[in-house]
1. Given a 1.4 Å probe, how much area per residue of region 1-70 is accessible, in Å²?
2. How many percent of the accessible area of region 1-146 is carbon or sulfur, using a 1.4 Å probe?
3. If I model a spin label at V103 and S148 as a point 7 Å from the Cα along the Cα→Cβ vector, what separation in nanometres do I get?
4. Net charge within 14 Å of K141 by Cβ-Cβ distance, Lys/Arg positive one each and Asp/Glu negative one each, not counting K141 itself?
5. Among the lysines, which fall within straight-line cross-link reach of K77, defined as a Cα-Cα distance under 20 Å, with same-chain neighbours fewer than 8 residues apart omitted?
6. On the full set of protein chains, 1.4 Å probe, figure out the accessible area of D160 and give it in Å² to the nearest 10.
7. May I ask you to rank R180, R191, R167, R99 by accessible area, largest first, using a 1.4 Å probe over the protein chains only?
8. At 0.36 nm per residue, minus the direct Cα-Cα distance, what do N198 and V93 gain on full extension? Give it in nm, one decimal, please.
Amino acid sequence: MAQTVTQILTQIAATVNQEATAPTAGGSEWLLWLQFLNRAMDEWVNANDWEATKKYFYPSISGMSAATVTLPADFKKLAGEPILYNGDISTGVFYPEIRDEQVGMYSTTDEYFHITGDSSNGQSLVFHPATMASGASLLIKYYSYPTSLASPAEKPILSDSQFLVDRTIAYVFEARSDPRFQIIEQKARERLLTMVENANLEHFSSMAGPSNIITSDRKAGFRWGRD
């Protein structure tokens, strides 16, 4: 069950302060621990491409044509090729990504895109050719950066909140020059590795994750017993 920030900080307090209550919300200790908690969240989100962070972005296309689409501020990386539904194309057109130095390898009518910008100033998808007419629909799947935790009632989106408990305890112990931080940090990393392993298993056929492997036949639309 997902735990709130208060519940997580209460568990941390039981170890580091040997108290059964979390620090007072808004107090100096609470704010410090919240910073450590968000550092642990950053460590988690950068460890893998988590399904929990996947989002779907449907930008509006205005004007007669468009070439550049501004990505959301929480954009981390793409989770698949953008799909353009333009005119009477009911199935959509998948646009492949290329690097800037590969532009010369393609003709003026080839369909592709590349990403420009950075996380500080914002990133954009630049499509080629610029023929996305006004009213066209565009689907962009991407992995996002979660919003920082800020209030006592918020719930982190990761599957194992005990990682946040252990990792934050390690940060607190390290800040206090308590040598136990190395032991707790190792426990946290083991929990993180387990989450990564379980997430990867979900993409393959197994007892832990019964999803079917997507073969080239399936990608082409062929289904055994149906086609």
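1. Result: 55 Å² of accessible area for each residue.
2. On region 1-146, the fraction of accessible area on carbon and sulfur atoms equals 50 percent.
3. Simple spin-label model gives 3.6 nm for this pair.
4. Values: positive: K54, K55, K76, K77; negative: D49, E51, D74, E81, E97.
Net of charged neighbours comes to -1.
5. Within reach: K54, K55, K141.
6. 40 Å²
7. R99, R180, R191, R167
8. Working: separation 105, 0.36 × 105 = 37.80 nm, distance 3.25 nm.
Difference between extended and current length: 34.6 nm.
The values are calculated or read from the model by the stated rules, or taken from the named source; none is laboratory data. The shown structure was predicted, so the numbers you read here are calculated from the model rather than taken from an experiment. Backbone-built Cβ (ideal geometry, glycine too); neighbour counts: all protein chains shown. Note: accessible area is taken over every heavy atom of the protein model, side chains too, but ligands, DNA and RNA are not part of it. Shrake-Rupley method; radii C 1.70, N 1.55, O 1.52, S 1.80 Å.
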